[in-house]
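Take a look at the structure below.
The values are calculated or read from the model by the stated rules, or taken from the named source; none is laboratory data. Computed from a predicted model, the values in this text were never measured in an experiment. Using ideal geometry, Cβ is built from the backbone for each residue, glycine included, and neighbour counts are taken over all protein chains shown. All accessible areas refer to the heavy atoms of the entire protein, side chains included, with ligands and DNA or RNA removed. Shrake-Rupley method; radii C 1.70, N 1.55, O 1.52, S 1.80 Å.
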Amino acid sequence: MPILHPIFIIIFLFLAFASYWEIFRLEKKQSIFVWIAGILIVGAVGFRLNAGADYPIYKMLFSGFAIYTSYGDVFDKALFRSNAEEIEWIFVLINKLVFDFGFPFYIVTFIMALIAVSLKFTAIYKNVAFPTLALMFYFMPIMFFEDSGQMRQGLGIAVCVASFKFIKDRNLFMFLLCMYIALGFHKTSIIFLPAYWIVKIPLNSKRIFWILVVALLSSPFELYRLGGGIFGSIAPDDLSGAYTGYLDDRYYGTEVETGLNDIVKLFFIGILIKYDKEACDEVWWYEYMRNLAVFGIALFYFFRSNQIFAIRLPGAYMFFVTMFCMTSIVYAVKGRARQILYLGFMTYFVAMFFYFGKGNGDKGGFSSDRYTNALW
């Protein structure tokens, strides 16, 4: 049976040990654990060779940007001016600079990994009590899909997550600046724009339940199709074109596959509802995190009949479900409840490690017999 490369086994075992030590021995966060995990992940992701779902495409575009795209095109893209370039401008700019300085493509993936991991890990460390448990949620398997696969979206999500600081500070200008930068990495970042106001909506367990029920029941009606015309009238052509282009996309399929992740989402919803009051009482800013998490799950079910929408559009919001809310709930509860939650999450991580390893992990080139790295 295919299994992930030893570097990923090392990271998994380290995070498992570190999370247990933080939660049950020290009962407080340790920055050294975050630094070690960050260095290992940046090395494994940043210097990978031919690994990741979109790696061949990105590598092919690397030289293409330098040959067929000018810096003027990049500037026009940054100002939302009409031009032939379809890829987001910051990503193109980084590729062109790396190519023009004569560096190989793995320097691009290194820069991408360094930015994404730095922003995400910093936000996690500052906002959750047990960051290594949050990093375990990130590592298995978000790291492989976002920062080792769909790198542009991973970077867009990283900037959106980093903007949480300005949401808390109610600094609208800096939040909007973050949104502009996030759009420079991936167009789907626009969906995070309402986050600044969503966090202020008063919610409780009952309201969370009915919001998610309504989102699920609305899924078969494909109401998101009504947004095509509206979005096209208020957004730049570059953004509205991306939305309408995926409305009838069939390459990714039209149904979200039912499996381990679907079942786990139901458990996450149950945990969010059951422990809402405890987390609100014990964790600073939990209401903000929870609102974003609930909106992400609602988006997932709302777009469920279109797989690419269901997976991509809630991305930044779903980060708050696991990395922020689930981890904060483990901190908020005490005694046996904490032990049960931790054991349940670790069971999920172990199952996902093997489930992902023999499926997408092997296909993506992360297995022990296929993964290679420029450092060794």
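Could you say which residue among 59, 77 is modelled with pLDDT under 95, in contact with an Asp or Glu (Cβ under 7 Å, 6 or more places away or on another chain) and farther than 30 Å from residue 328 by Cβ?
Working: 59 fails: in contact with an Asp or Glu (Cβ under 7 Å, 6 or more places away or on another chain).
Among 59, 77, only 77 is modelled with pLDDT under 95, in contact with an Asp or Glu (Cβ under 7 Å, 6 or more places away or on another chain) and farther than 30 Å from residue 328 by Cβ.
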(message) Of the conditions (1) surrounded by fewer than 24 Cβ atoms within 10 Å (Cβ to Cβ); (2) over 19 Å from residue 16 (Cβ atoms); (3) in contact with a Ser or Thr (Cβ under 9 Å, 6 or more places away or on another chain), residue 125 satisfies every one except a single condition; which number is it?
(response) (2)
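Hey, does the range 66-73 have a residue that's open to solvent by less than 20 Å² (accessible area, probe 1.4 Å) and at pLDDT below 90?
yes
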(request) Scan the range 1-23 for residues that are surrounded by 12 or more Cβ atoms within 10 Å (Cβ to Cβ) and either under 17 Å from residue 326 (Cα atoms) or among the aliphatic types (A, V, I, L, M) (or both) and report the count. (result) 13
(request) Name the single residue, out of those in the range 146-198 being among the polar types (S, T, N, Q) and in a helix (DSSP H, G or I), that is surrounded by the fewest Cβ atoms within 10 Å (Cβ to Cβ). (result) 153
(message) With of a type outside the set (A, V, I, L, M), under 27 Å from residue 281 (Cβ atoms) and touching a residue at least 12 places away in the same chain (Cβ under 8 Å) as the only criterion, which of 139, 166, 144 stands out?
(response) 166
(message) Condition first: assigned to a helix (DSSP H, G or I) and without any contact (Cβ under 8 Å) to a residue 24 or more places away in the chain. Now tell me which residues in the range 275-287 satisfy that.
(response) 280
(message) Cβ-Cβ distance below 6 Å, separation of 6 or more or different chains: which pairs start in the range 189-215 with a residue that is under 30 Å from residue 90 (Cβ atoms) and end on one that is open to solvent by 50 Å² or more (accessible area, probe 1.4 Å)?
(response) 198/295
(request) Scan (1) farther than 26 Å from residue 318 by Cβ; (2) outside any loop (DSSP other than H, G, I, E, B); (3) open to solvent by 50 Å² or more (accessible area, probe 1.4 Å) for the single condition residue 103 breaks and write down its number. (result) (2)
(message) When the residues of the range 26-49 are narrowed to those that are in contact with a strand residue (DSSP E or B) (Cβ under 9 Å, 6 or more places away or on another chain) and open to solvent by 20 Å² or more (accessible area, probe 1.4 Å), which ends up nearest to residue 107 (Cα to Cα)?
(response) 47
(request) Return the only residue of 37, 44 being modelled with pLDDT of 95 or more, in a helix (DSSP H, G or I), in contact with a Leu (Cβ under 8 Å, 6 or more places away or on another chain) and not aromatic (Phe, Trp, Tyr). (result) 37
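List the helices (runs of 4 or more DSSP H) inside the range 288-376, counting only whole elements, that have at least 1 residues being among the hydrophobic types (A, V, I, L, M, F, W, C) and buried (at least 20 other Cβ atoms within 10 Å of the Cβ).
On the way: elements: 307-312, 315-319, 327-332, 335-358, 360-363.
Correct list: 307-312, 315-319, 327-332, 335-358.
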(message) Tell me yes or no: at least one residue of the range 59-81 is closer than 24 Å to residue 149 by Cα, assigned to a helix (DSSP H, G or I) and within 20 Å of the chain's Cα centre (by Cα).
(response) no
